[in-house]
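K.L.:
I have a structure here, written as structure tokens, and I will follow up with some questions on it.
Each value in this text was obtained by applying a stated rule to the coordinates, not by laboratory testing. All values reported here derive from a predicted model rather than from experimental measurement. Positions of Cβ are backbone-derived with ideal geometry, glycine not excepted, and every protein chain shown enters the neighbour counts.
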Amino acid sequence: MAVLLGQIHTQTQEDRFMKTLSNKIAIVVGASSGIDHATAKLFAAEDASVIVAARRQVELDTLVSEIGEAGGDTVALAGDVKNESHANDLVALALTQYGGLDIAFNKVGTLGAIGPPTCP
């Protein structure tokens, strides 16, 4: 049984063979609430290993527990994705923890002026 988006889902034998994200590694930023939170749960329910990121550690810890209780594999790294080093740390975590990265769900917004790109 898994909790997905606040609903109880009883896994059937058919479900076990229909996991679309099996053996995939995903990063979901902004995962402490909202659509990103739901996306992290959905990716985990579809059998992805998920790295969740947001600024609020307590909410991330709760999410990691919820996903783990539902049988998912997840790890959290709190920080601000506006900081390029945090983004680099997320990718490094994916590589060291899971050996790769297949999906980066980067739906976050910021307020303020747009600066020049940091890559040449």
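K.L.:
Run through the stretch 40-105 and list the trypsin sites (Lys or Arg not before Pro) located in a DSSP loop whose Cβ has at most 16 other Cβ atoms within 10 Å. Each step should come with its number before you reach the end.
P.N.:
On the way: sites: Lys41, Arg55, Arg56, Lys82; in loops: Arg55, Arg56, Lys82.
For trypsin sites (Lys or Arg not before Pro) across the stretch 40-105 that sit outside H, G, I, E and B with at most 16 neighbouring Cβ atoms in 10 Å, the list reads Arg55, Arg56, Lys82.
K.L.:
Simple spin-label model, 7 Å along Cα-to-Cβ: Asp61 to Asp89 in nm?
P.N.:
Label-label distance for Asp61 and Asp89, simple model: 1.6 nm.
K.L.:
Next question, about the same structure. Long-range amide H contacts for Ile27: which residues qualify at under 5 Å (H placed 1.01 Å from N, peptide plane, sequence gap of 5 or more or a different chain)?
P.N.:
The list, which skips near neighbours in sequence, is Ile51, Ile103, Ala104, Phe105.
K.L.:
Below 8 Å between Cα atoms, with a sequence gap of 6+, how large is the relative contact order for the stretch 31-105 in percent?
P.N.:
So the answer I get is 27 percent.
K.L.:
I would also like to ask the following. Give the lysines reachable from Lys107 as a straight Cα distance under 20 Å; neighbours fewer than 8 places away on the same chain don't count.
P.N.:
Correct list for Lys107: Lys24, Lys41, Lys82.
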